[in-house]
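The values are calculated or read from the model by the stated rules, or taken from the named source; none is laboratory data. Everything numeric here is computed off the predicted structure, so don't read it as measured data. Because the Cβ atoms are built from the backbone with ideal geometry, glycine has one as well, and the counts that use them run over all protein chains shown. Areas reflect the complete protein model, heavy atoms only, side chains present, ligands, DNA and RNA absent. Shrake-Rupley method; radii C 1.70, N 1.55, O 1.52, S 1.80 Å.
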Amino acid sequence: MNRRNRAAHTGWCAADHRCNLTEHRSDDLLVTIPGHGRAILTRVRDGHGREYGEIRARIALDPDEYTARVQLRTALTDLRALLSRAAELTRRAA
Ligand SMILES: [Zn+2]
């Protein structure tokens, strides 16, 4: 966020170094499953006022290549389902 817009932080914005480049960003929300992975959800408002939930995840993969590929395919399938469910909620709210 540039100096001109710095005073316009949202109520949920972390208002620190993460809030820059025309974006407001919340504190990270963490979901951790010890030994298996973690996900980070961050609320973001871009320079056009559009808001997003940004998700980053780290998944511990099995050393067996086949199993690792199954894990990744499962993660991708479930991410698609997650995005679809979130999109459906948006349409219902409109
Ligand atoms: Zn901000």
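Quick notes on this one:
- Residues of the chain: accessible area per residue with a 1.4 Å probe, Å²: 81 Å²
- Kirkwood radius, the chain, all distinct C-alpha pairs, inverse of mean reciprocal distance: 15.6 Å.
- Highest-MSF residue in the chain out of 23, 65, 54 [GNM, Cα springs under 10 Å]: 65
- Most fluctuating residue given options 36, 48, 24, as computed from a GNM of the chain linking Cα atoms under 10 Å: 48
- Against the chain, whose longest principal axis is taken from its Cα atoms, helix 65-93 shows a tilt of about 40°.
- Solvent-accessible area assigned to carbon and sulfur over region 26-94 amounts to 58 percent, based on a 1.4 Å probe.
- Cβ-derived FRET efficiency at R0 35 Å, residue 74 paired with residue 51, nearest 0.05: 0.75
- Relative contact order for the chain, counting Cα pairs under 8 Å that sit 6 or more residues apart, in percent: 15 percent
- Restricting the chymotrypsin sites (Phe, Trp or Tyr not before Pro) of region 1-71 to loop positions (DSSP other than H, G, I, E, B) with no more than 13 neighbouring Cβ atoms within 10 Å leaves 12.
- Given R0 = 35 Å, the distance between the Cβ atoms of residue 61 and residue 8 translates into a calculated FRET efficiency of 0.25.
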